Amino acid sequence: MESDIRGLARGGSLEGLGSLFALWNFIIRPPRTTYTAEDLGPSEFQVGGQRAMRKDLKLRSSRGVSLACSHFTPKQDRDDELQQFPVVIYLHGNSSNRLEAGSLVAEFISRRISLFCFDAAGCGLSGGEYVSLGWYERDDLATVVKYLRTNPECGPIGIWGRSMGAATALLHADRDPTLGAICLDSSYADFRMLAEDFAQSYAVMFPIPDWLLTAALSVVRSKVQKLADFDIDHLVPLNHAKRSTVPALFMHATGDTLIPHKHSQLLSDAYFGEREFMTVDGDHNSPRSESVNRYAINFFCRQLSFASRGFDSSVQTSPVVHGASAHRVPPWKRRSLPKMSMSAKPPRADISACEILKPRACMEDEHAPEFDKGGSDASLSPMRPESSMPARRGGA
């Protein structure tokens, strides 16, 4: 059957079907982007007078895969009483790595919130050969959460995921209701639906017949099961959204052609817990503006503050913005929060996050937000051109 379908795909009128066959390898083995330890920046730095540090470590997942991790935390004096800081775990997208979290470090540290990021299995400097678009990554996330809950400096935990990372957060959140908050940027709702969208978007002369698309997806499913040992039909974050009670912020770009905007809309409409929905400018791989990032960080400030009575009040330095709920609402009493659009030009920052951890988007993308480097601390080392990374690749 596979050879017959491939022959039809080469006929010229079914380019979408040919693109679908090219998709299966990209699903489980996207190009691995690598970097060096120097790209992570200095191990100690300052943000607006707040001293901070980065600890690099390796965790072993439940599958025995080594995960390369970094934990950015406010620095504490040994003589002072030990404090607990809220922590946000950042989950990168497909064909990316932990450097993706670089633009968020300064903002979180300035609010005395720590940031934990890691390379998913099969990505960056972590072990593993294949990715699974959230299926096994959710267990890697569970390993990280378990580690942080044994750390005496860690308080309430939030998760910020983008694309594959957002799907991973959804696949995990319904089994861990004690999480403080999740931010979900550009998740897919159902992988089979996404694959169908992908194939039809490349159909140049006429739509692909349903029977042929179903047959092609069966071949893709078989290939993925054989090589990576998971079933693409189980990749349905929408089913998990219907059971999750963790406060959530959904985000999606209006110009996203890889994962259509409707996926986040479906997820938000079906979400069982308290949620907000935000529409942003750009496409799937666009760097998010500072105003968008700050809105999301304010969301974590509110929700993580609620999650712990002992939370340091210094994190609540940001005002409550329009459309946000300052307390949790039981699902059966939940109202629909207004949709928001973040299209205004982002404000200038006091410090370049690129000087702390060097994300590819900040270093080479001409559309990346501008930063005012005049307020940077002397302890931060300048970027080196030879350490530049390629722009963020496409993919879930």
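The values are calculated or read from the model by the stated rules, or taken from the named source; none is laboratory data. Please read these numbers as outputs of a predicted model, since none were measured by experiment. Ideal geometry is used to build each Cβ from the backbone, glycine not excepted, and the neighbour counts take in all protein chains shown. To get the accessible areas, we keep the full protein, side chains included, count just its heavy atoms, and leave off ligands, DNA and RNA. Shrake-Rupley method; radii C 1.70, N 1.55, O 1.52, S 1.80 Å.
Do we have any residue at all in the stretch 230-239 that's buried (at least 17 other Cβ atoms within 10 Å of the Cβ), more than 30 Å from Asp281 (Cβ to Cβ) and either of a type outside the set (Val, Ile, Thr) or more than 23 Å from the chain's Cα centre (by Cα) (or both)?
The answer is yes, given that some residue of the stretch 230-239 is buried (at least 17 other Cβ atoms within 10 Å of the Cβ), more than 30 Å from Asp281 (Cβ to Cβ) and either of a type outside the set (Val, Ile, Thr) or more than 23 Å from the chain's Cα centre (by Cα) (or both).
For the stretch 131-171, which residues satisfy the criterion of being touching a residue at least 60 places away in the same chain (Cβ under 8 Å), closer than 14 Å to Pro237 by Cβ and in a helix (DSSP H, G or I)?
Matches in the stretch 131-171: Met164, Gly165, Ala166, Ala167, Thr168, Ala169, Leu170, Leu171.
Show the residue pairs meeting these rules: Cβ distance below 6 Å; 6+ apart or different chains; first residue within the stretch 104-125 and closer than 17 Å to Phe299 by Cα; second residue at pLDDT 95 or above and open to solvent by 10 Å² or more (accessible area, probe 1.4 Å).
Ser114/Thr73
Is at least one residue of the stretch 87-102 hydroxyl-bearing (Ser, Thr, Tyr), closer than 20 Å to Leu304 by Cα, open to solvent by 30 Å² or more (accessible area, probe 1.4 Å) and touching a strand residue (DSSP E or B) at 6+ places or on another chain (Cβ under 6 Å)?
No, the stretch 87-102 contains no residue that is hydroxyl-bearing (Ser, Thr, Tyr), closer than 20 Å to Leu304 by Cα, open to solvent by 30 Å² or more (accessible area, probe 1.4 Å) and touching a strand residue (DSSP E or B) at 6+ places or on another chain (Cβ under 6 Å).
Restricting to the stretch 173-195, give me the number of residues that are open to solvent by 10 Å² or more (accessible area, probe 1.4 Å) and more than 17 Å from Asp283 (Cβ to Cβ).
Here the count works out to 8.
Do we find that Gly134 is in contact with a helix residue (DSSP H, G or I) (Cβ under 9 Å, 6 or more places away or on another chain), of a type outside the set (Ser, Thr, Tyr) and surrounded by fewer than 24 Cβ atoms within 10 Å (Cβ to Cβ) in this structure?
No, not satisfied.
Output the number of the condition that Ala142 fails; it satisfies all remaining conditions of (1) modelled with pLDDT under 95; (2) small (Gly, Ala, Ser); (3) open to solvent by 10 Å² or more (accessible area, probe 1.4 Å); (4) within 23 Å of His240 (Cβ to Cβ).
(1)
Among the residues of the stretch 98-136, how many are over 14 Å from Trp160 (Cα atoms) and of a type in the set (S, T, N, Q)?
3
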